[in-house]
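Below: one structure, written as structure tokens.
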Amino acid sequence: MRGLLGDIHRPVLVAEVLDNLRFVSEGGIFVDATLGFGGHAIAVLEHFPNSTVVGIEIDDETISLCRKRLAPYGDRCRAIRGTYGDLGDLLSLAGIAAVDTILMDTGVSSFDIDTPERGFSFSLDGPLDMRYRQEFGLETAEAIINHENASYLRRIMRDYGEVPFAGRIASAICSRRVNSPIATTLQLVEVVRRAVGGRIGRMKLEGLLAQVFQAFRVAVNRELEVLEAGLRQGIDHLESGGRLLVICYESLSHNLTKRVFREYERGCICPKEVPVCVCGRSPKARILTRRAISPSAAEIADNIRSRSAGMRIIERL
């Protein structure tokens, strides 16, 4: 089933990616740092016949399926198992010093969300896992939810999901797990529902649940730490004139991306009272998008899950 779904998977902002990527060297290299089922990679290979694509994907099953889809392109494309948090090491192991364009899509795969065993969905019953790769040795969401104290749980929900009633929900989790562990997604949903009671309507409850599940997913996979590492390594491995394209879906990743981009664009960091620059710092890149590029109305109508996507771009000087 997953293979069949992969054949019809629709990546977001494809036209916008093609319009904004840049090849600055002969036989340019495009890195799809979140390869998935290869939608963006195939679009680049088709649109730019002289390009080479390097794809990075964390999930074993997905990368196996994607390699089959990319087989017709021969040695123009290779897929590497890993995550963009290790982008620099992965490129070095592949013998690549610098590339022309890197794409990072920070979203969760639709198929991960729709696979109950992964535990990402609040509408499907499954184990509270939430790890992108189960052999990474990370704690599951179940372990965090059942063993951390209320203060820590509240902080996770507040910092990683901007969850209203975070304190109330954390207390409810700690009370509920006294009798038996919270082991499934729907058990967590029921705890949240009981904690907020009649304070919010059904539609707002769904939004709240999305925030709660996002918070624990981000915590489990250390997503912000991995994203920051990927952003820095990505910019550092661009050719002069090369571009990093980052697709974000929520405020946490947008804000982190903006902060790192501004740091690389900034030149002198000397205090204002110092009349002559002594730091010697110069800008390493320039931001090309002061506001994120959003999907068109037609794309949103065709793929509702694209509605929250926004792409930010920085160019290496």
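The values are calculated or read from the model by the stated rules, or taken from the named source; none is laboratory data. Only a predicted model underlies this, so the values are computations on that prediction, with no experimental measurement involved. Note that we place each Cβ from the backbone using ideal geometry, even for glycine, and neighbour counts take in every protein chain shown.
Numbers at a glance
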item	result
Options Ala229, Ala210: the member that is of a type in the set (Gly, Ala, Ser), surrounded by fewer than 19 Cβ atoms within 10 Å (Cβ to Cβ), assigned to a helix (DSSP H, G or I) and assigned by TED's automatic domain parsing to the domain that holds Phe261	Ala229
Residue that is farthest from the chain's Cα centre (by Cα) [pool: residues in segment 210-226 that are aliphatic (A, V, I, L, M) and closer than 18 Å to Arg177 by Cβ]	Val212
Residues of segment 36-65 satisfying the condition of being more than 21 Å from Asp100 (Cβ to Cβ) and assigned to a helix (DSSP H, G or I)	Asp60, Glu61, Thr62, Ile63, Ser64, Leu65
Residue in segment 19-37 that is of a type outside the set (Val, Ile, Thr), surrounded by fewer than 16 Cβ atoms within 10 Å (Cβ to Cβ) and either in contact with a Lys or Arg (Cβ under 6 Å, 6 or more places away or on another chain) or at pLDDT 95 or above (or both) present	yes
Residue tally, condition without any contact (Cβ under 8 Å) to a residue 40 or more places away in the chain and surrounded by fewer than 16 Cβ atoms within 10 Å (Cβ to Cβ), over segment 233-263	4
Given (1) closer than 30 Å to Ser171 by Cα; (2) touching a residue at least 24 places away in the same chain (Cβ under 8 Å); (3) not in a loop (DSSP other than H, G, I, E, B), number of the condition Asp125 does not satisfy	(3)
Residues of segment 289-304 satisfying the condition of being surrounded by fewer than 16 Cβ atoms within 10 Å (Cβ to Cβ) and under 27 Å from Ile235 (Cβ atoms)	Arg290, Arg291
Subset of segment 51-102 [over 23 Å from His237 (Cα atoms) and touching a Phe, Trp or Tyr at 6+ places or on another chain (Cβ under 9 Å)]	Asp59, Thr62, Leu65, Cys66, Arg69
Number of positions in segment 237-277 that are among the β-branched types (Val, Ile, Thr) and at pLDDT below 85	3
Odd one out for Asp112 among (1) in a loop (DSSP other than H, G, I, E, B); (2) among the charged types (D, E, K, R); (3) touching a Phe, Trp or Tyr at 6+ places or on another chain (Cβ under 9 Å)	(1)
